[in-house]
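Step one of this worksheet: look at the structure below.
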Amino acid sequence: MKHYPFILFYIFCNVFIYAFQGTFWVYLFCFLMFSAVVVWGSFDIRLNYFVNSITHKRTKIKKVALTFDDGPTELTPKFLDLLKENDIKATFFCIGKQIEKYPETFQRMVAEGHTIGNHTYSHSNNTGFLSTSKMIQEIEKCDEVMLNIGNIKTNLYRPPFGVTNPNIARAIKRTGKKSIGWNVRSLDTITEDEKKIYQKVTKGLKKGSIILLHDTSKKTFNVLADLLVFLKDKNYSTFTIDKFENH
């Protein structure tokens with residue numbers, strides 16, 4: 001976690017400014033800069049600011065990871081069909097409430113050999129404001145649902161919205177999870193144009209990339225169909241997050 005040395009540096013800067021009789025505006029500027037860095041670090045999981053997250057795989061081989069968040073949903077079976085047709089395994093970061101809603105789909109994910117990750121029980125919009133104990137409850141309750149419905153345990157965890165902070169960092173540590181991020185974000189939950197989503201994914205693709213998608217919409221399904229063709233044409237293979245052997 002990089003924020004501790006940064007906080008010390010921030011305090012040192014304030015002492016230095018005070019010693020040389022800095023003005024109010026200098027203090028305000030420093031505070032705003034500090035706040036901007038903290039906010040950036042909270043929302044960009046790739047920075048590893050509060051939590052060390054796996055965001056890509058170091059490899060010389062053309063392979064990428066397909067990851068899907070927020071399921072299972074009523075559309076997930078179509079994603080599973082498409083992946084099965086192409087003999088591809090993916091990683092699904094599932095919400096506990098959604099597993100309870102679609103238990104058979106979750107069981108199918110497990111039975112077909114896809115890797116499962118924890119995405120909290122409720123995926124609360126207030127995730128960034130929850131206490132450590134509440135975050136632990138969110139993670140452990142999702143674990144409980146996964147075990148009861150799918151007879152599976154996982155040490156993989158993806159923070160909702162990619163948001164991290166000290167409370168979330170402590171919760172991840174105390175529950176023994178590995179934080180999983182990404183380095184290719186499709187923005188498929190906020191972009192309506194399928195072509196733009198596809199271009200964003202394929203443009204940012206590199207060896208070892210972890211791609212963030214969502215098995216929640218028809219547009220993402222269509223993008224996935226085109227993406228699988230692209231990967232095949234470019235000779236990319238795929239890996240799941242639980243398999244991180246280096247090559």
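The values are calculated or read from the model by the stated rules, or taken from the named source; none is laboratory data. In this text, all values refer to a predicted model and were calculated from it rather than measured experimentally. When we count neighbours, we look across all protein chains shown, and the Cβ atoms used for this are built from the backbone with ideal geometry, even at glycine. Side chains are part of the model used for accessible areas, which takes the heavy atoms of the whole protein and leaves out ligands, DNA and RNA. Shrake-Rupley method; radii C 1.70, N 1.55, O 1.52, S 1.80 Å.
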Some residue of the stretch 53-60 being surrounded by 13 or more Cβ atoms within 10 Å (Cβ to Cβ), among the small types (Gly, Ala, Ser) and at pLDDT 90 or above: yes
Test for Lys177: is it within 28 Å of Glu140 (Cα to Cα) and free of Cβ contacts under 8 Å to residues at least 60 places away in the same chain: yes
Pairs with Cβ under 7 Å, 6+ apart, first in the stretch 102-118 and among the acidic types (Asp, Glu), second open to solvent by less than 40 Å² (accessible area, probe 1.4 Å) and part of a helix (DSSP H, G or I): Glu112/Leu80
Of all residues making up the stretch 211-228, the number that are open to solvent by less than 80 Å² (accessible area, probe 1.4 Å) and either part of a helix (DSSP H, G or I) or touching a Lys or Arg at 6+ places or on another chain (Cβ under 7 Å) (or both): 10
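Table: residues versus (1) more than 19 Å from the chain's Cα centre (by Cα); (2) open to solvent by less than 10 Å² (accessible area, probe 1.4 Å).
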| residue | (1), (2) |
| --- | --- |
| Cys142 | no, yes |
| Asn151 | yes, no |
| Pro159 | no, yes |
| Val163 | no, no |
| Lys178 | no, no |
| Val184 | no, yes |
| Ile190 | no, no |
| Gly204 | no, no |
Number of positions in the stretch 103-124 that are open to solvent by 10 Å² or more (accessible area, probe 1.4 Å) and either under 19 Å from Thr220 (Cα atoms) or basic (Lys, Arg) (or both): 3
Per-region count, the stretch 231-242, residues closer than 15 Å to Asn86 by Cβ and open to solvent by 40 Å² or more (accessible area, probe 1.4 Å): 7
Pick from the stretch 61-97, criterion outside any loop (DSSP other than H, G, I, E, B), of a type in the set (Lys, Arg) and under 20 Å from the mean Cα position of the chain (by Cα), ranking: surrounded by the fewest Cβ atoms within 10 Å (Cβ to Cβ): Lys97
Evaluation of Asn167 against (1) part of a helix (DSSP H, G or I); (2) out of contact with any Leu (no Cβ under 6 Å at 6 or more places or on another chain); (3) under 28 Å from Arg108 (Cα atoms) (one fails), failing number: (3)
Tabulated pairs, the stretch 35-52, first on the phi < 0 side of the Ramachandran plot, second part of a loop (DSSP other than H, G, I, E, B) and at pLDDT below 80, C-beta under 6 angstrom, 6+ apart or interchain: Tyr49/Lys2; Phe50/Met1
Residue among Glu140, Glu100, Glu104 that is within 15 Å of Thr154 (Cα to Cα), among the charged types (D, E, K, R) and not in a loop (DSSP other than H, G, I, E, B): Glu140
Long-range neighbours under 8 Å by Cβ, at least six apart or interchain, first residue touching a residue at least 24 places away in the same chain (Cβ under 8 Å) within the stretch 69-81, second among the aromatic types (Phe, Trp, Tyr) and open to solvent by 40 Å² or more (accessible area, probe 1.4 Å): Gly71/Tyr102; Pro72/Tyr102; Thr73/Tyr102; Glu74/Tyr102; Thr76/Tyr102
